[in-house]
1. Hey, what's the Kirkwood Rh for the range 276-409 if you take every pair of different alpha carbons, in angstrom?
2. From zero outward in steps of 10 Å, how is the percent of C-alpha pairs of the range 231-275 spread across the bins?
3. How big is the gap, in Å, between the Cα center of the range 81-105 and the Cα center of the range 203-247?
4. Gain in length, residue 279 to residue 182, computed as 0.36 nm per residue apart minus the alpha-carbon separation, to one decimal in nm?
5. Please compute the modelled spin-label separation between residue 156 and residue 172, points set 7 Å along Cα→Cβ, answer in nm with one decimal.
6. Give the separation of the Cα centroids, the range 275-293 to the range 302-370, in Å.
7. Expressed as cubic angstrom per residue, what is the convex hull volume of the alpha carbon set of the range 69-133?
8. Taking every pair of Cα atoms in the range 343-390, average 1/r, invert it to obtain the Kirkwood radius, and report Rg/Rh to two decimals.
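The values are calculated or read from the model by the stated rules, or taken from the named source; none is laboratory data. Since the model is a prediction, treat every value here as computed from it, not as a measurement. Cβ coordinates were reconstructed from backbone atoms using ideal geometry, including for glycine residues, and neighbour counts include every protein chain displayed. Heads up: the accessible areas ignore ligands, DNA and RNA and are worked out on the full protein's heavy atoms, side chains in. Shrake-Rupley method; radii C 1.70, N 1.55, O 1.52, S 1.80 Å.
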Amino acid sequence: MFTFSSEQDSVSRRCVWVNGPVIVGAGPSGLAVGACLREQGVPFVIIERSDCIASLWQKRTYDRLKLHLPKKFCQLPKFPFPNHFPEYPTKRQFIEYLELYAKHFDINPQFNECVQSAKYDETCRVWRVKTSSPNGFEVEYISQWLVVATGENAERVVPDIEGLKEFGGEVIHACDYKSGEKYQGKKVVVVGCGNSGMEVSLDLSNHGAQPSIVCRSSVHVLPREIFGKSTFELAMFMMKWVPLWLVDKILLILAWFILGNIENYGLKRPSIGPLELKNKHGKTPVLDIGALEKIRSGKVKVVPGIKKFSCGTVELVTGEKLEIDSVVLATGYCSNVPYWLQESEFFSNNGFPKAQFPNNWKGNSGLYAIGFTRKGLAGASADAINIAQDIGKVYKEDLKQKKQKVPTHRRCISTF
């Protein structure tokens, strides 16, 4: 990696030529592709806007969070979880694993650098990635390859609900929720009935709050384990032998025997099966770890959609009004790629690759995407291996031919 500066304003601006790819994002996806590139002998730079790796896990998750899938489905390439970790590692254990992973592969991201823009230079046939730091320092990274590893959950989604600004009480997104301890005795509305919404409601109830969870649309709820085996693992096993639609039917029958008819509690099941829904629309089924029992007992109340908020109250679509103290928006996340990547051929307006899995990891002109498969950490791991192998072939061929291109229009001030 070579560093350049212009003759003017060299203190606050610099230009960096990267011999390998520039990776945007130091979450699990960025670390995974970095590790695979390291194995290929390819240099790289990881840019991270936060001050740590896996900032989503470290700063924007609740305390009681555990992996919803067994650890063998969540480990990154080339490095398994420690044997002493439980089947479902805690948030702290997963962060520890990622820190061990980064140390093992000598991955050292450039922290506190936020990408402002990334654009392919057709003339020079390189990617130009411009970043800025909180201290006003600006860097332009130039590379033959760009790997987008910011993932599906880069930015919180905050719905525009009538009257929410006039509510008057506390309103937070689930990414800012840590524990239900401070909500003891309070009436809390949780907007969203996915895995986060269900688990936040469970945590609130465990801490003596009175949560109501808004279930506006249909949702699949499955037991986390069936006959002592992970439901996900069971589904993956069955898919080797029977078609997806039949696996869905079997899962729903087993869920009915274990959990009962969830529609009796105000939860509506979608018309298509959980795996088909995940594949087509990216909507993950809820893996129940205790919230449904709270709903059955009445300690967590299921309510329909919200019409509007007013001072201290929420009005439901049924006309019922509830007096509440706080609101937790478990309304999910979205990609932030459209805000900084100046490209429209590979990525769509929603920040996801246009191509479908398993062909959505590679674009044109050295552009790659990792962590957009809607298949969790296993999908990101598959992307990482593919990307590193693809880049590695070209990089090694370039080395053989000794055609490494280094910009000459600026003065080199340091090499590192």
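1. Evaluated over the range 276-409, this radius sits at 19.7 Å.
2. Calculated over all Cα pairs of the range 231-275, the distribution is 27, 51, 20, 2 percent.
3. 24
4. Between residue 279 and residue 182, full extension yields 31.1 nm more.
5. Between residue 172 and residue 156, the simple spin-label model gives 0.9 nm.
6. Measuring centre to centre over Cα atoms gives 16 Å.
7. Spread over its residues, the Cα hull of the range 69-133 gives 152 Å³ apiece.
8. On the Cα set of the range 343-390, Rg over Rh gives 0.94.
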